[in-house]
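Novice: Input: one structure, supplied below.
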Amino acid sequence: MGTSNITAINRGISGDTSYTLLNRLAFSLIPTPDIAFIAIGANDGLRGMPLKNTKQNILKIIQHLKEKKINVILAGMTLPENYTQTYISDFEQIYAELSKQTQTKLMPFLLIDVAGIPSLNLTDGIHPNKVGHQKIAESIFQFLKTENIISSKNQWQMINQN
C-alpha cells in the first residue's frame, strides 16, 4: 500500500450488463490498472436476466482480472422492490457468493446512503444524480481506505474514459 496519488478511470457505460462488460473487457484494461473496482450486474437484474448468466459473466470477469494480477474489488447491488423478494434476494446473493468463491473483497452495497433518497437520484428514482455520484465516490474511497486497499494518505482524481 503506497502513498502515491490515485487516478480512477471510469470504464462504465450507461446500460452496461455483465455480458457487455465481459465482451469489452480487454479494451477496458487499457491502460492496465492496479485495482479494478467492479460495479456491474444491476442492469442484468433490472432486465430480469437469468441470474446464473449474470453470476457466470461476473465470475469470468473476476477470473480474467485476477489472471492479469489486478487487485479486484466487487461492489454489491440490489434491485427495486417491484421485483419479487425471491429474485431480489437471489440477485443480492450473487455478490456474496462470488466474493467468497474468488476470495475477492466485497463492498456490500454500492449505493449505500444514496439508493431511495430522492435528492440524490434522477427522477427515475434509480440512477444517482451528480450529488449522488459524489456520495458514491466518497463511500468507495472510504471503503478502500477501511479495507487497507489504499492508504489514508492517498489522494485521487477521476477520469471519465467511457
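The values are calculated or read from the model by the stated rules, or taken from the named source; none is laboratory data. If you're wondering where the values come from, they're calculated on a predicted model, not measured in any experiment. Don't worry about glycine lacking a Cβ; one is built from the backbone with ideal geometry, like all the others, and counts go over all protein chains shown. Each accessible area value is taken on the protein alone, full model and side chains, heavy atoms only, with ligands, DNA and RNA left out. Shrake-Rupley method; radii C 1.70, N 1.55, O 1.52, S 1.80 Å.
Novice: Residue check, Ile136 against (1) at pLDDT below 95; (2) within 25 Å of Thr104 (Cβ to Cβ), all met but one. Which one?
Specialist: So the condition that Ile136 fails would be (1).
Novice: Let me ask something else about it. Of the residues that sit in segment 123-146 and are in a helix (DSSP H, G or I), among the β-branched types (Val, Ile, Thr) and more than 14 Å from the chain's Cα centre (by Cα), which one is farthest from Ala36 (Cα to Cα)?
Specialist: Residues of segment 123-146 in a helix (DSSP H, G or I): 130-146.
Narrowing the set further to residues that are among the β-branched types (Val, Ile, Thr) leaves 131, 136, 140, 146.
Keeping just the survivors that are more than 14 Å from the chain's Cα centre (by Cα) gives 131, 146.
Numbers: Val131: 23, Thr146: 17 Å.
Restricting to residues being in a helix (DSSP H, G or I), among the β-branched types (Val, Ile, Thr) and more than 14 Å from the chain's Cα centre (by Cα), the top hit is Val131.
Novice: Which one of these does Leu106 not meet: (1) under 25 Å from Ala26 (Cβ atoms); (2) surrounded by fewer than 16 Cβ atoms within 10 Å (Cβ to Cβ)?
Specialist: Only one criterion is unmet by Leu106, namely (2).
Novice: Sort out which residues of segment 1-59 are β-branched (Val, Ile, Thr), closer than 26 Å to Phe91 by Cβ and at pLDDT below 95, and write them in order of number. Spell out the reasoning first.
Specialist: Here is the first cut: in segment 1-59, the ones β-branched (Val, Ile, Thr) are 3, 6-7, 9, 13, 17, 20, 30, 32, 35, 38, 40, 54, 58.
Adding the requirement that they be closer than 26 Å to Phe91 by Cβ leaves 13, 17, 20, 35, 38, 40, 54, 58.
The answer is Ile13, Ile35.
Novice: Just to verify a result, which residue in segment 52-99, among those that are without any contact (Cβ under 8 Å) to a residue 24 or more places away in the chain and assigned to a loop (DSSP other than H, G, I, E, B), is least open to solvent (accessible area, probe 1.4 Å)?
Specialist: By that ranking, first place goes to Thr84.
Novice: If you go through segment 148-155 one residue at a time, do you hit one that is in a helix (DSSP H, G or I), surrounded by 11 or more Cβ atoms within 10 Å (Cβ to Cβ) and polar (S, T, N, Q)?
Specialist: Of all residues in segment 148-155, those in a helix (DSSP H, G or I) come to none.
No, because not a single residue in segment 148-155 is in a helix (DSSP H, G or I), surrounded by 11 or more Cβ atoms within 10 Å (Cβ to Cβ) and polar (S, T, N, Q).
Novice: Give the residues of segment 18-51 that are open to solvent by 50 Å² or more (accessible area, probe 1.4 Å), within 26 Å of Tyr83 (Cα to Cα) and assigned to a loop (DSSP other than H, G, I, E, B), sorted by residue number.
Specialist: Once the filter is applied, which keeps residues that are open to solvent by 50 Å² or more (accessible area, probe 1.4 Å), within 26 Å of Tyr83 (Cα to Cα) and assigned to a loop (DSSP other than H, G, I, E, B), segment 18-51 yields Arg47, Met49, Pro50.
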